[in-house]
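Heads up: the structure comes next, in structure tokens.
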There are 2 protein chains.
Amino acid sequence: MDSLHLDQHISHQFNEDLELLRTKLLEMGGLVEDQLRDAVKAIETADGGLAEKVRKTEDEVDKREMELDRESITVLARRQPAASDLRLVMMVTKATRDLERIGDEANKIAKMAQALNEEGGDPGRGYVELRHLARNVIRIVGVSLDAFARYDVEAAMEVVRGDKQIDTEYKTAVREMITYMMEDPRAITRVMNIMWALRALERIGDHARNIAEHVIYLVHGTDVRHTSISDIEKALQQKS
Amino acid sequence: MDSLHLDQHISHQFNEDLELLRTKLLEMGGLVEDQLRDAVKAIETADGGLAEKVRKTEDEVDKREMELDRESITVLARRQPAASDLRLVMMVTKATRDLERIGDEANKIAKMAQALNEEGGDPGRGYVELRHLARNVIRIVGVSLDAFARYDVEAAMEVVRGDKQIDTEYKTAVREMITYMMEDPRAITRVMNIMWALRALERIGDHARNIAEHVIYLVHGTDVRHTSISDIEKALQQKS
């Protein structure tokens, strides 16, 4: 092989390595999305089998997190990527952790589903708030993965805004849960389980926002963490 | 400069870069430790000024997180480190995030301190549990930073074990809080604030454990996340 072809060969393998990291991250994302959807469904339908399925998937998610991390480090050591390629590898190592955390929180929701199931009886108050928050959280997790798949900054911004709305809804829901507990102290244990599930959903929203911020960093090289939405919008306008 | 001296010069600069990352991570750790201690003290002494101080430090912690991340990427791009040097840089980017999260949770505790302060009156039940958990959490955060400073795997293992104990104590404390709420529904709002502070402490314990796991990875190159304590101990025995 002459030097030009060798270069092309190396560059081709390098692109394949990067593409593989991308694909694997999206696969892990799909797995975690399923976990989240199943966990929420397990609460809504009091389905213990579904909750068990979510808990079993956790090992697989953990395995993938460690695998992706190892592979990212191998790419760094072998290929010594620069500029946007380096940003992609760094983004992958960060986003895997967010995905693993989402899976972990989904797992907590599944545990709450099992606890609520064991108590039996009418789902009762708190379910409307939970379902509402869950729907919005599931949506932004999906959008954050789409944003990464398509390098879509506008979608990433939708996630950032969506997370802010979720935080507001979460706070309202918590206040309502406290009211329910005061009105019916016998329901405290049950309402606390819903409270923890709400909390897990709110955290998942934060992780979706993190992924969206990683996407913005990947595309524009701008670190928008700890930045208000209006300041992010200003920074992005200057870039385009 | 001849080639040997140029090499030495580059290698000297490289070591300085790595040492700077290490120092800055430990500085950030010290800042976050102060935040945590102040936040807990703000609850214990109902000191609103201290709570305000914790909240103000948050901006500084956020700034340092972004700075350290940027500098780590610069080192990766310029120096293309390998083996244990590469592990150090990766560890720094991961540990900064854990430290930032600890600061964020300390901030939540400070908010709870302010909320409890505004309600006024006797601290009441829950404070003993909170103080006990806080003492243990503050301890393992300190040990995790020491473990990093000294590359001390035994100290890291102490953190891993300490976090497990904290999880158990946290669960007991939560059950007690639920009992308090049932016994005195008028105290629900107050007890919920203590509950959130307990929750934040439990999360901080998890982040200290993460840092300890990073240290083990750094020293031995073994990824011990999602691994039971006895399996970690086995893996480490094989290494030594």
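What to note about this one:
- Of all residues in region A:161-192, those satisfying the criterion of being assigned to a helix (DSSP H, G or I), of a type outside the set (A, V, I, L, M) and over 30 Å from A:K94 (Cα atoms) are A:T172, A:R175, A:E176, A:T179, A:Y180, A:E183, A:P185, A:R186, A:T189, A:R190.
- From the options A:I178, A:I188, A:I194, residue that is farther than 21 Å from B:R70 by Cα, open to solvent by 10 Å² or more (accessible area, probe 1.4 Å) and within 14 Å of chain B (Cβ to nearest Cβ): A:I178
- In the set A:E158, A:E213, only one residue is touching a helix residue (DSSP H, G or I) at 6+ places or on another chain (Cβ under 6 Å), acidic (D, E) and buried (at least 18 other Cβ atoms within 10 Å of the Cβ); that residue is A:E158.
- Every residue from region A:140-154 that is touching a helix residue (DSSP H, G or I) at 6+ places or on another chain (Cβ under 7 Å), open to solvent by 20 Å² or more (accessible area, probe 1.4 Å) and not aromatic (F, W, Y): A:V143, A:D146, A:A149, A:D152, A:V153
- Of all the residues in region B:177-198, those that are within 28 Å of the chain's Cα centre (by Cα) and of a type in the set (K, R) number 1.
- Looking across A:D59, A:D7, A:D34, one residue alone is charged (D, E, K, R), surrounded by fewer than 13 Cβ atoms within 10 Å (Cβ to Cβ), more than 14 Å from chain B (Cβ to nearest Cβ) and without any contact (Cβ under 8 Å) to a residue 60 or more places away in the chain. It is A:D7.
- Odd one out for B:G124, checked against (1) in a helix (DSSP H, G or I); (2) more than 14 Å from chain A (Cβ to nearest Cβ); (3) not aliphatic (A, V, I, L, M): (1)
- Residue that is at pLDDT below 90, away from chain A (no Cβ under 12 Å), under 29 Å from B:V191 (Cβ atoms) and surrounded by 17 or more Cβ atoms within 10 Å (Cβ to Cβ), where the choices are B:A46, B:A51: B:A46
- Residue list for region A:11-31, restricted to those being closer than 16 Å to A:P81 by Cβ and open to solvent by 60 Å² or more (accessible area, probe 1.4 Å): A:H12, A:Q13, A:N15, A:E16, A:E19, A:L20
- Qualifying residue in region A:225-236 (condition: among the acidic types (D, E), free of Cβ contacts under 8 Å to residues at least 12 places away in the same chain, open to solvent by 10 Å² or more (accessible area, probe 1.4 Å) and not in a helix (DSSP H, G or I)): no
- Residue count for region B:70-88, restricted to those that are crowded, with 20+ Cβ neighbours inside 10 Å and either part of a helix (DSSP H, G or I) or of a type in the set (S, T, N, Q) (or both): 4.
- Residue within region A:93-114 that is away from every other protein chain (no Cβ under 14 Å), in a helix (DSSP H, G or I) and not hydrophobic (A, V, I, L, M, F, W, C) present: yes
The values are calculated or read from the model by the stated rules, or taken from the named source; none is laboratory data. What you see is a predicted model; the values in this text were computed from it and never measured. Don't worry about glycine lacking a Cβ; one is built from the backbone with ideal geometry, like all the others, and counts go over all protein chains shown. When the accessible area is computed, the model is the full protein with side chains, heavy atoms only, and any ligands, DNA or RNA have been set aside. Shrake-Rupley method; radii C 1.70, N 1.55, O 1.52, S 1.80 Å.
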